[in-house]
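Data block below; observations after.
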Amino acid sequence: MTETYESPRISAELGNLPSALSAERNPLARGYVSQVLDQIDGVAIEDLAAEHGSPLFVFSERTIREKADRMRTAFRSRYPDTQFFWSFKTNYLDAICSIFKSEGWGAEIVSGFEYAKARHLGYRGDEIIFNGPYKSPASIRRALSEGAVIQIDNWDDLERVEEAAADLGGTFDVGIRVWFATGHGPIWSKFGFSLASGEAQRAAVRIVESPRLRLHTLHSHIGTYMLDPEAYRVAVRSMLGLRAEIAEDTGHLVPCLNLGGGFPSYSLLHGMRGPAEAAVAPIERYAEAITSELMALPEKERPQLRLESGRHLVDEAGYLVGTVVAVKNAPIVPLPDATGLSALSIKESSLLTRAPKTSYVMDIGINLLYTAAWFEISVRPARETRQMPESARLVGDLCMEIDVIREDVALPRLRVGDRLTLWPVGAYNLGQSMQFIHIRPEAVLIDRNSQVHIIRRRERLEDVESAEVLPDYLSERGDV
Ligand SMILES: Cc1ncc(COP(=O)(O)O)c(C=O)c1O
């Protein structure tokens, strides 16, 4: 054996290679880079954008039905008397609401406008729950006369319901909304009657004693994106406690408990650690927390359970496809000296001292992405690239400084024309989107056979102008 042993050496070039090449050696980086999204339910992103334009909202019928099915099984297998109501404001595109209707969901609405929309879609009055802090007298009359359950929010709301009931004659099922602390997460105290102060109890007794009203439901919506299933256990206990007190005072056992919505989707708030599947408990845990409390009651005393879930059911079914329209390379910013900095506002100094990075401008503004303010919406390129992701800024195409979709997101080097898909965006974004600077884009639904259907056409100038009135004395149109 003449060979001499040489210890392993770290080759000189290892530290000097461009970051893109180091991805070749790093299987984790390669794993990240291959996280492209080039199709949704079997339809190529490129074909969707070519056919329907960019930006484009895309909804997956398969995902909606899978979520509905899983939720139904989670609850009904544990507690058969569970009824589901689709929270219209989460997404009231007719096509989306109709999918839930076909799954057997009722409608949960919060205004006269939403009520009319539900009736247009064929919901009977008795399939509708009417929530909200203010309901107009006309909408209350309509809802009562058509058999909807109004869930009363405050004393003035109650007074208006009593007046409408007296005018209409007959007796009507109503509910009351209640709020309390669960000790898990923030307290939502804007809506309903306070439990701790006794006003929920007083409102309940007043309704039970009213000749025109029947107390059908105790309702509570403890918040949205509630990460701890135990919050619901506390909620059920609190509401059962109230129900028992009402029964003791009046002899009336309220037949229905409505736990509202609030179950999270697989999304992350800014600053949360992912992946979302690890941070968010499965729906079965929520079902177990709620139903195990109800099952502990003697069988005859078990109320009907109602749920008004929104975000959990539709968020992951929604995608927003867009295009990179400009690439702005990292600016070279001369850092001000310490004395200069002290004269700047906190915001200015944080902007100036932030590490420079590339900005990608998309054709999507935050007017389409209301939830981007809270949620770290994921961004996935449609084109495979084997480059190392780099920290970048993703901004929109509005002429506004605040139009930032992701302040810091790891992306491979992109070029103008690249498609990016933002996800999950199915909850709240479309309903809360604003026509601002640009008209709003098309929305399509991919059915279970991968057929694409337009469910909201791209807006036109006429749509925006149709609600405007130009006084004659200002009009020069006739002369053009
Ligand atoms: C009364 C009521 N029910 C249900 C929901 C749906 O909530 P989520 O989307 O968190 O499930 C809301 C939304 O805020 C609500 O206010």
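The values are calculated or read from the model by the stated rules, or taken from the named source; none is laboratory data. The structure displayed is predicted, hence computed values, not measured ones. Neighbour counts run over all protein chains shown; Cβ positions are idealised from the backbone, glycine included.
Side notes on the structure shown:
- Annotation note: of ALA247, ALA231, the sole residue that is in a helix (DSSP H, G or I) and farther than 22 Å from GLY262 by Cα is ALA247.
- Members of the range 420-456 that are touching a residue at least 60 places away in the same chain (Cβ under 8 Å), at negative phi and in a loop (DSSP other than H, G, I, E, B): PRO424, VAL425, GLY426, ALA427, SER433, MET434, GLN435, ARG440, PRO441, ASP447, ARG448
- Hey, ASP157 in contact with a His (Cβ under 8 Å, 6 or more places away or on another chain) and among the charged types (D, E, K, R) or not: no
- Test for GLY241: is it of a type in the set (Gly, Ala, Ser), in a loop (DSSP other than H, G, I, E, B) and either within 14 Å of the ligand (Cβ to nearest atom) or surrounded by fewer than 22 Cβ atoms within 10 Å (Cβ to Cβ) (or both): no
- Subset of the range 254-275 that is surrounded by 18 or more Cβ atoms within 10 Å (Cβ to Cβ) and closer than 28 Å to VAL208 by Cβ - its residue that is farthest from the ligand (Cβ to nearest atom): VAL254
- Scanning the range 233-252 for residues that are in contact (Cβ under 8 Å) with a residue 24 or more places away in the chain and over 34 Å from the mean Cα position of the chain (by Cα) returns GLU245, ILE246, ASP249, THR250, HIS252.
- Test: residue in the range 206-217 that is under 19 Å from GLU308 (Cα atoms), within 15 Å of the ligand (Cβ to nearest atom), polar (S, T, N, Q) and surrounded by 17 or more Cβ atoms within 10 Å (Cβ to Cβ): yes
- Filter result for GLY175 (at pLDDT below 95 and of a type in the set (Gly, Ala, Ser)): no
- The range 276-299 - residue that is more than 16 Å from the ligand (Cβ to nearest atom) and assigned to a loop (DSSP other than H, G, I, E, B) and, of those, surrounded by the fewest Cβ atoms within 10 Å (Cβ to Cβ): PRO298
- Taking the range 371-414 as the range and being assigned to a loop (DSSP other than H, G, I, E, B) and under 18 Å from PRO55 (Cβ atoms) as the test, the residues that pass are ILE377, ALA382, ARG383, GLY396, ASP397, LEU398, CYS399, MET400, ASP403, LEU414.
- Every residue from the range 200-246 that is farther than 25 Å from GLY170 by Cα, touching a helix residue (DSSP H, G or I) at 6+ places or on another chain (Cβ under 8 Å) and acidic (Asp, Glu): GLU230, GLU245
- Just one of the listed residues (ARG415, ARG380) is surrounded by fewer than 16 Cβ atoms within 10 Å (Cβ to Cβ) and over 30 Å from GLU114 (Cβ atoms), and it is ARG415.
- Unmet criterion (only one of (1) more than 19 Å from ARG302 (Cβ to Cβ); (2) crowded, with 19+ Cβ neighbours inside 10 Å) for ILE246: (1)
Quick grid of which residues meet (1) more than 27 Å from THR63 (Cα to Cα); (2) within 16 Å of the ligand (Cβ to nearest atom); (3) part of a strand (DSSP E or B); (4) in contact with a strand residue (DSSP E or B) (Cβ under 8 Å, 6 or more places away or on another chain):
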| position | (1), (2), (3), (4) |
| --- | --- |
| TYR92 | no, yes, no, no |
| ALA95 | no, no, no, yes |
| LYS101 | no, no, no, yes |
| GLY104 | no, no, no, yes |
| TYR115 | no, yes, no, yes |
| GLY122 | no, no, no, no |
| PRO133 | yes, yes, no, no |
| ARG142 | yes, no, no, no |
| ILE150 | yes, yes, yes, yes |
